[in-house]
Amino acid sequence: VSTPPSSAMTIAERALEFVFPGSVVGLGTGHAATDFIHALGQRVRSGFRVQGIPTSQASADLARQLGIPLVEFDAVEAIDVDVDGADEVDPQCDLIKGYGGALIREKIVAVASRKLVILVGPEKLVSVLGSRGKLPVEVLPFAVPLARRRLAALGCDPVLRIDEHNARPLITDNGNNILDCRIEPLLKPAELELAIREIPGVVGTGLFLGMADVVLIQHESGVEVRERVAAARNPA
Ligand code: A5P
C-alpha cells in the first residue's frame, strides 16, 4: 500500500508519529536513523518521555549526548517501535541493511519490536533485492576462511570489509568481521538467507525479510508512505 508524497515534514519528523509517550524505541544506525535520533532528542527536551534501545555504540553515544534515556535490552519485554534506515528496499518492503556495519544488533532489535519503521531516500528503492550488488554478512573472525569458501560456493563473492580508519579488517560492535558479498539481483532471497545461515560461524546477514511494517521515503516533494501488507508481527 503506498500513499503519494505529501506534507513538508521530513521522514525523521514523520517517524515521530509512530512514537507514543512512554514508548520503548529502537534507535537504528546510519544517517537516516541519526536524523531520527536528533528529532527524538528534541521531543525529549520538550518533556516527551521515552526509553531508547540503541542498535550500535554510535547511536548509544548520540542518544546520551541528546539526553534520550536508554534502557538495557533485558529490562524490557518488547520494543514498541524501531526506527532505522536501510540500504535497499524492494516493493514488498523487504530490505538489505548493513552497509554501515551494524546489521546484527539492528536485526535483533527489529525482531524484538512491535513495529519497524524504515527511513530512506528514493535511491534505496530497488525492484529486486541485491540490485545495488552487495550483501553484508557478519562472521566470527575464526570462521572467516571457511565462510569465504562457502559463500563463494553459493555464488556470492565475499570481500572482507576493511576499516577505513586503520586499514585493518573491520571489527563490528560485536567483535566480528564483515564479509561483503558481491551479488546479482536475488531471485530467491529467503533461500539464500537460509543457506548462508547454515555456514558455521555466520552470525547473520543483512537480509531483513518480512520485517519492515512501514517505509517512509523522502522525496523532494514530501514523504511517501509505504506499508507492508501482512499479518501482525509477533515480537520476541
Ligand atoms: C547500518 O549498518 C545500516 O544497516 C544502516 O541502517 C543502513 O546502512 C542505512 O544507513 P544510511 O541511512 O546511512 O544510508
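The values are calculated or read from the model by the stated rules, or taken from the named source; none is laboratory data. Please read these numbers as outputs of a predicted model, since none were measured by experiment. Cβ atoms come from the backbone with ideal geometry, glycine included; neighbour counts cover every protein chain shown. Heads up: the accessible areas ignore ligands, DNA and RNA and are worked out on the full protein's heavy atoms, side chains in. Shrake-Rupley method; radii C 1.70, N 1.55, O 1.52, S 1.80 Å.
Listing for the model above:
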{"quantity": "Estimated translational D of segment 58-110 in µm²/s (Stokes, Kirkwood radius over Cα pairs; 4 °C; 1.567 mPa s)", "calculated": "100"}
{"quantity": "Cβ-based charge dipole, the chain, positive-most Cα from L209, L154, A12", "calculated": "L154"}
{"quantity": "Dipole in debye (nearest 20) - the chain, about Cα centre, beta carbon charges: Lys, Arg +1; Asp, Glu -1", "calculated": "240"}
{"quantity": "Unmatched cysteines, the chain - criterion: no other Cβ of a Cys under 4.7 angstrom", "calculated": "C93"}
{"quantity": "Cβ-derived FRET efficiency at R0 25 Å, H219 paired with S131, nearest 0.05", "calculated": "0.85"}
{"quantity": "Simple spin-label estimate for E191 and V76 in nanometres, 7 Å along Cα-Cβ", "calculated": "3.8"}
{"quantity": "Average accessible surface area per residue within the chain, 1.4 Å rolling probe, Å²", "calculated": "48"}
{"quantity": "Protection-proxy order for peptides 146-158, 114-126, 185-197, each taking the mean of Cβ atoms within 10 Å per residue, highest first", "calculated": "114-126, 146-158, 185-197"}
{"quantity": "Portion, in percent, of the accessible area of the chain that falls on carbon or sulfur, probe 1.4 Å", "calculated": "53"}
{"quantity": "Inverse of mean 1/r across different Cα pairs in the chain, Kirkwood, Å", "calculated": "18.1"}
{"quantity": "Net length gained if the chain between R43 and V111 were fully extended (0.36 nm per residue, minus Cα distance)", "calculated": "21.9 nm"}
{"quantity": "Span-like helix ranges in the chain, DSSP H, alpha carbon extent 30 angstrom or more, Kyte mean at least 0.5", "calculated": "none"}
{"quantity": "Radius, Kirkwood style, for segment 97-211 when every pair of distinct Cα atoms is counted (Å)", "calculated": "14.6"}
{"quantity": "Residue among H165, H38, H219 with the largest mean-square fluctuation in a Gaussian network model of the chain, springs linking Cα atoms under 10 Å", "calculated": "H165"}
